Amino acid sequence: MDPFGKDEVYVGRDMGGKLWTLDSDAIENFIAGTGDNHPWYTGRSPRGDAIAPALILHSEVYRTKAWYLPYIYGNLHARHEWESYGPLIVGETVRTRCTVVDRYLKRDREYVVNEALTFNSAGALVSRARAHQSFLIKPSTGATVIDKNRERAAGRVFEVGQKSGEPIEGPERVISEAMCMVFSGPALNYHNDREKAHELGFPDIVVQGMLPVCLIAEMLTHRFGLGFFCGGRMAVNLVNVVWAQDTLRARAVISHRHAEGDKTRADCEVWCEKADGVKVVVGTASALEM
């Protein structure tokens with residue numbers, strides 16, 4: 001007898017998968033949603049054919065919300081982990097599979113972790129991603145769960161980029177409502193519609209957490225090239241909310257290098273910040289130097 005209820009969110013729950021064809025429409029949609037227009041996505045790459053953005057399937061875990069806890073008011077993407085083992089070729093059909101792999105408590109929130117595996121057309125595993133989604137344990141007593149002043153509180157200030165090392169500058173971009181609609185649409189939700197955001201306790205459109213993570217990936221793609229596709233890693237915390245029309249910029253510092261076989265792995269401190277310096281994503285990443 002199955003010990004779990006049909007709708008229960010438990011570690012090991014299979015969330016299913018999907019076949020995706022990485023056609024030109026998928027690439028154009030990614031470019032429109034992120035502003036990342038790397039020439040390898042639409043022309044020839046060092047592998048020959050065009051290759052898809054490393055985070056082309058950035059929101060695969062959100063294809064279904066059946067793994068969400070019942071009380072979704074004020075829920076947020078809190079942490080993201082990602083590893084890549086090889087590039088995906090534009091035009092190929094890939095397969096995904098998602099599984100709930102963890103559930104834990106931290107302060108006033110409960111977290112559920114959904115893992116997405118992506119396999120290329122030959123059946124090889126090419127990437128692994130884990131999204132930590134946080135949910136309020138007790139219903140909120142106020143109309144607004146998080147306001148725009150929260151990011152200036154003492155506990156929301158994050159000192160990063162202080163270590164010595166080689167700096168990396170990434171893109172700087174205004175996150176428009178049009179970008180939010182492409183990145184998180186077409187269905188209306190709190191990531192692209194102000195009314196939906198109000199319904200979940202937010203004062204404005206909450207930019208999907210994967211968008212600033214994609215900006216960090218864009219920066220690392222430009223710096224490390226195939227070394228990011230064939231050995232890239234990220235482990236980042238989403239520490240402050242991005243609102244529609246915020247200006248974001250991705251930054252990194254190479255803090256250490258070490259041998260990995262006959263290649264060198266570069267370890268980085270990475271972050272994404274608003275124009276006024278408020279950090280929205282902080283963490284670590286690494287890639288091979290080919």
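The values are calculated or read from the model by the stated rules, or taken from the named source; none is laboratory data. Since the model is a prediction, treat every value here as computed from it, not as a measurement. Counting neighbours? That spans all protein chains shown, and the Cβs are built from the backbone with ideal geometry, glycine included.
Overview of results
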{"quantity": "Within the stretch 194-224, tally of residues that are more than 19 Å from the chain's Cα centre (by Cα), touching a residue at least 60 places away in the same chain (Cβ under 8 Å) and surrounded by fewer than 22 Cβ atoms within 10 Å (Cβ to Cβ)", "calculated": "2"}
{"quantity": "Checklist (1) under 30 Å from residue 99 (Cβ atoms); (2) at pLDDT 95 or above applied to residue 47, failing item", "calculated": "(2)"}
{"quantity": "One residue from 142, 91 being within 26 Å of residue 26 (Cα to Cα) and either among the hydrophobic types (A, V, I, L, M, F, W, C) or part of a loop (DSSP other than H, G, I, E, B) (or both)", "calculated": "91"}
{"quantity": "Count of residues meeting criterion [of a type in the set (Gly, Ala, Ser) and without any contact (Cβ under 8 Å) to a residue 40 or more places away in the chain] in the stretch 239-274", "calculated": "2"}
{"quantity": "From the options 18, 6, residue that is surrounded by fewer than 20 Cβ atoms within 10 Å (Cβ to Cβ), of a type in the set (Lys, Arg) and without any contact (Cβ under 8 Å) to a residue 40 or more places away in the chain", "calculated": "6"}
{"quantity": "From the options 26, 78, residue that is in contact with a Ser or Thr (Cβ under 7 Å, 6 or more places away or on another chain), surrounded by 14 or more Cβ atoms within 10 Å (Cβ to Cβ) and at pLDDT 95 or above", "calculated": "78"}
{"quantity": "Selection from the stretch 36-83 of residues that are part of a loop (DSSP other than H, G, I, E, B), under 19 Å from residue 185 (Cα atoms), charged (D, E, K, R) and touching a strand residue (DSSP E or B) at 6+ places or on another chain (Cβ under 6 Å)", "calculated": "none"}
{"quantity": "Among the candidates 100, 160, 126, 112, residue that is touching a Phe, Trp or Tyr at 6+ places or on another chain (Cβ under 7 Å), buried (at least 16 other Cβ atoms within 10 Å of the Cβ), under 26 Å from residue 225 (Cβ atoms) and at pLDDT 95 or above", "calculated": "126"}
{"quantity": "The stretch 242-256 - residue that is touching a Lys or Arg at 6+ places or on another chain (Cβ under 7 Å) and in a strand (DSSP E or B) and, of those, surrounded by the fewest Cβ atoms within 10 Å (Cβ to Cβ)", "calculated": "247"}
{"quantity": "Meets criteria (in contact with a Lys or Arg (Cβ under 6 Å, 6 or more places away or on another chain), within 29 Å of residue 37 (Cβ to Cβ) and buried (at least 16 other Cβ atoms within 10 Å of the Cβ)) for residue 88", "calculated": "no"}
{"quantity": "Residue in the stretch 94-110 that is of a type in the set (Lys, Arg), in a strand (DSSP E or B), more than 30 Å from residue 144 (Cα to Cα) and out of contact with any Lys or Arg (no Cβ under 8 Å at 6 or more places or on another chain) present", "calculated": "yes"}
{"quantity": "Test: residue in the stretch 233-240 that is crowded, with 18+ Cβ neighbours inside 10 Å, part of a helix (DSSP H, G or I) and in contact with a Gly (Cβ under 7 Å, 6 or more places away or on another chain)", "calculated": "no"}
